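Everything below concerns the one structure shown next.
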Amino acid sequence: MKFGKTLVLTTLLTAGAVFALGTNDAHAAENYTVQSGDTLSKISVKFAGDNSLVESIAKENKITNIDMIFEGQNLTIGTEAKGNVTATSVQEQTAVQQTAAPVQETAQAAPAAPAQPVAEQPAAQATTPTSTNSAKEWIAQRESSGSYTATNGQYIGRYQLSASYLNGDYSAANQERVADQYVTSRYGSWEGAQAFWQANGWY
């Protein structure tokens with residue numbers, strides 16, 4: 001019985017020693033020298049990837065004001081946090097690499113999409129104003145030979161508009177503006193006005 005007790009005691013002591021060694025390894029610390037611009041938050045990010053170590057660093061190094069550390073100051077930081085940093089850094093690098101590929105693919109594919117519509121737009125834009133200007137000029141030549149000062153009774157100017165339409169302002173700019181308004185409201189377009197003139201001899 002005495003021998004049995006001794007064997008049990010020896011086993012317990014050995015297990016305790018192993019446990020103690022394991023605990024020391026788990027809480028092994030590393031020295032870090034504060035660099036210019038460092039804060040506890042930045043240091044925590046270096047070791048843990050986030051702000052989770054700020055309080056423990058302050059407590060372990062007896063820092064009463066977490067916003068006040070000095071360049072050259074030596075801090076003790078648990079190395080288990082450093083292990084977390086390595087894992088986090090690898091994960092972040094992998095995520096960055098995975099994200100980079102689609103960005104490059106998008107950048108290469110983007111120029112191809114607008115090519116066809118861009119080529120078509122100038123033709124459409126060039127056609128409509130030319131047609132409208134042609135019809136407008138056609139009417140101006142028939143009405144007044146293109147003169148802003150031509151008069152015919154109550155009808156005045158390049159488009160032979162009624163004096164009441166011009167409201168006493170016979171400037172070229174006002175004649176153009178009023179003529180556009182009159183044609184748009186009555187015929188919808190200068191082409192429509194030209195078609196009416198050709199059928200009736202006036203517009």
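The values are calculated or read from the model by the stated rules, or taken from the named source; none is laboratory data. A quick note: this is a predicted structure, and the numbers were derived from the prediction, not measured. Note that each Cβ is placed from the backbone with ideal geometry, even for glycine, and that neighbours are counted across all protein chains shown. In case anyone asks, the SASA skips ligands and DNA or RNA and just uses the protein heavy atoms, side chains included. Shrake-Rupley method; radii C 1.70, N 1.55, O 1.52, S 1.80 Å.
General observations
- Test result for Gln160, among the polar types (S, T, N, Q), open to solvent by less than 40 Å² (accessible area, probe 1.4 Å) and in contact (Cβ under 8 Å) with a residue 24 or more places away in the chain: no
- Members of region 176-203 that are among the small types (Gly, Ala, Ser) and part of a helix (DSSP H, G or I): Ala179, Ser185, Gly192, Ala193, Ala195, Ala199
- Test for Phe47: is it at pLDDT 50 or above, of a type in the set (A, V, I, L, M, F, W, C) and not in a loop (DSSP other than H, G, I, E, B): yes
- Some residue of region 68-90 being at pLDDT 90 or above, open to solvent by 60 Å² or more (accessible area, probe 1.4 Å) and assigned to a helix (DSSP H, G or I): no
- Unmet requirement for Ala173, which otherwise passes all of (1) at pLDDT 95 or above; (2) surrounded by 10 or more Cβ atoms within 10 Å (Cβ to Cβ); (3) assigned to a helix (DSSP H, G or I): (2)
- Checking every residue in region 185-196 against the condition of being open to solvent by 60 Å² or more (accessible area, probe 1.4 Å) and in contact (Cβ under 8 Å) with a residue 60 or more places away in the chain gives at least one match.
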